[in-house]
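**Student:** Mind having a look at this structure? Questions to follow.
Each value in this text was obtained by applying a stated rule to the coordinates, not by laboratory testing. Everything numeric here is computed off the predicted structure, so don't read it as measured data. Don't worry about glycine lacking a Cβ; one is built from the backbone with ideal geometry, like all the others, and counts go over all protein chains shown.
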């Protein structure tokens, strides 16, 4: 089912601005080139528009639950737009990019593409500690899988081929030191991830190649920092009241 990204209470009379190229009309409603960057996107937008029109015909925007969802989506867009405006001028310096490159060799200068066997285990902390000891002496992951099955532990197995940047940062220092066949266990929020290195291929990125990736990452991190600082500032100057014991219940 397609998600209705546009507020249902809004028509499409103003969807296209003067001079903007119209790619399609759906029962008179125009879809512009700005909305549909590709033919595939255009078809998805046409399908969404058909559903939106039927929802409006049924006056679903007046349904309390739908109206609440529309208002929530509107507020989320506005909040995000404010953060984007605040962070519009945030740019990473060349020194910041170079420092990040130098500080993360496993992602760049010593980057690898890893082929791994993985067990994603859901288990309480006490079982994870026992599993850690088993992983230290196991010859392969199938041996560990059999051990987990004998204890009715929940887990899933997979074989993955991923470059360093698609793996959790916390794994990289250990993976970079591992040799093919070695096994490592990494703690996870609800259990553990156990991986066996099958193969690692050197695939370094030079500083010039990495710079656009680093700039995007640093920009995202700065947006998060700006958002946190702005929320803190606004809380300090705002009047926030909690009727009754709502705050206590929320905790």
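**Student:** Nearest 10 degrees is fine. How inclined is helix 94-103 to the longest principal axis of the chain, computing both from alpha carbons?
**Tutor:** 30
**Student:** Expressed in nm to one decimal, what extension gain is obtained for the pair residue 126 and residue 65 from 0.36 nm per residue of sequence separation less their Cα-Cα distance?
**Tutor:** That pair, residue 126 and residue 65, stretches by 17.6 nm at full extension.
**Student:** How much mean residue ellipticity at 222 nm does the chain get from its helices, if each DSSP H run of length 4 or more adds -39500 (n - 2.57) and you divide by all residues, to the nearest 500 deg cm²/dmol?
**Tutor:** Calculated at 222 nm, the ellipticity per residue is -15000 deg cm²/dmol.
**Student:** Compute a Gaussian network model of the chain, connecting alpha carbons closer than 10 Å, and tell me which residue from 237, 121, 194 fluctuates the most.
**Tutor:** 237
**Student:** Starting from the Cα-Cα distance between residue 134 and residue 41, subtract it from 0.36 nm times their residue separation and give me the gain in nm to one decimal.
**Tutor:** Stretched fully, the residue 134-residue 41 segment lengthens by 28.5 nm.
**Student:** How far apart, in nm, are two points set 7 Å out from the Cα along the Cα-to-Cβ line at residue 158 and at residue 82?
**Tutor:** With each label point 7 Å from Cα toward Cβ, the separation is 3.7 nm.
**Student:** Sticking with this structure for a sec: Rounded if a/c is under 1.5, else prolate if a/b is larger than b/c, else oblate: which is segment 159-226, with a ≥ b ≥ c the root eigenvalues of its Cα gyration tensor? Don't skip to the end; give the middle numbers.
**Tutor:** Working: a/c = 3.15, a/b = 1.43, b/c = 2.20.
Note, shape of segment 159-226 comes out oblate.
**Student:** Just to be sure I understand: with springs between alpha-carbon atoms less than 10 Å apart, which residue in 109, 24, 176 has the highest mean-square fluctuation in the Gaussian network model of the chain?
**Tutor:** Of 109, 24, 176, the Gaussian network model singles out 24 as fluctuating most.
**Student:** Also, I was wondering about something else. Would you mind checking the radius of gyration and Dmax of segment 18-77 based on alpha-carbon positions, in Å?
**Tutor:** 13.7, 37
**Student:** For segment 113-251, just say rounded, prolate or oblate: build the C-alpha gyration tensor, square-root its eigenvalues into a ≥ b ≥ c, call rounded for a/c under 1.5, and beyond that prolate if a/b exceeds b/c, oblate if not.
**Tutor:** oblate
**Student:** Next question. Could you tell me whether the chain comes out rounded, prolate or oblate from its Cα gyration tensor? Rule is a ≥ b ≥ c as square roots of the eigenvalues, rounded for a/c under 1.5, then prolate if a/b exceeds b/c, otherwise oblate.
**Tutor:** On the way: a/c = 1.78, a/b = 1.64, b/c = 1.08.
Verdict is prolate for the chain.
**Student:** How much length is gained on full extension from residue 151 to residue 186, taking 0.36 nm per residue of separation minus their Cα-Cα distance?
**Tutor:** Residue separation times 0.36 nm, minus the Cα-Cα distance, leaves 10.6 nm.
**Student:** Report, in degrees rounded to the nearest 10, the 0 to 90 angle that the Cα long axis of helix 125-137 makes with the longest principal axis of the chain.
**Tutor:** It is inclined by approximately 50 degrees.
**Student:** If you don't mind, there's one more thing I want to ask. Quick check: the angle from helix 64-86's long axis to the longest principal axis of the chain, C-alpha only, nearest 10 degrees?
**Tutor:** Approximately 70 degrees, to the nearest ten.
**Student:** Given the options 156, 239, 92, state which has the largest fluctuation in a GNM of the chain using a 10 Å cut-off (strictly under) for Cα springs.
**Tutor:** 239
**Student:** With a Förster radius of 30 Å, plug the Cβ-Cβ distance of residue 219 and residue 50 into 1/(1 + (r/R0)^6) and report the FRET value to the nearest 0.05.
**Tutor:** Here the calculated transfer efficiency is 0.25.
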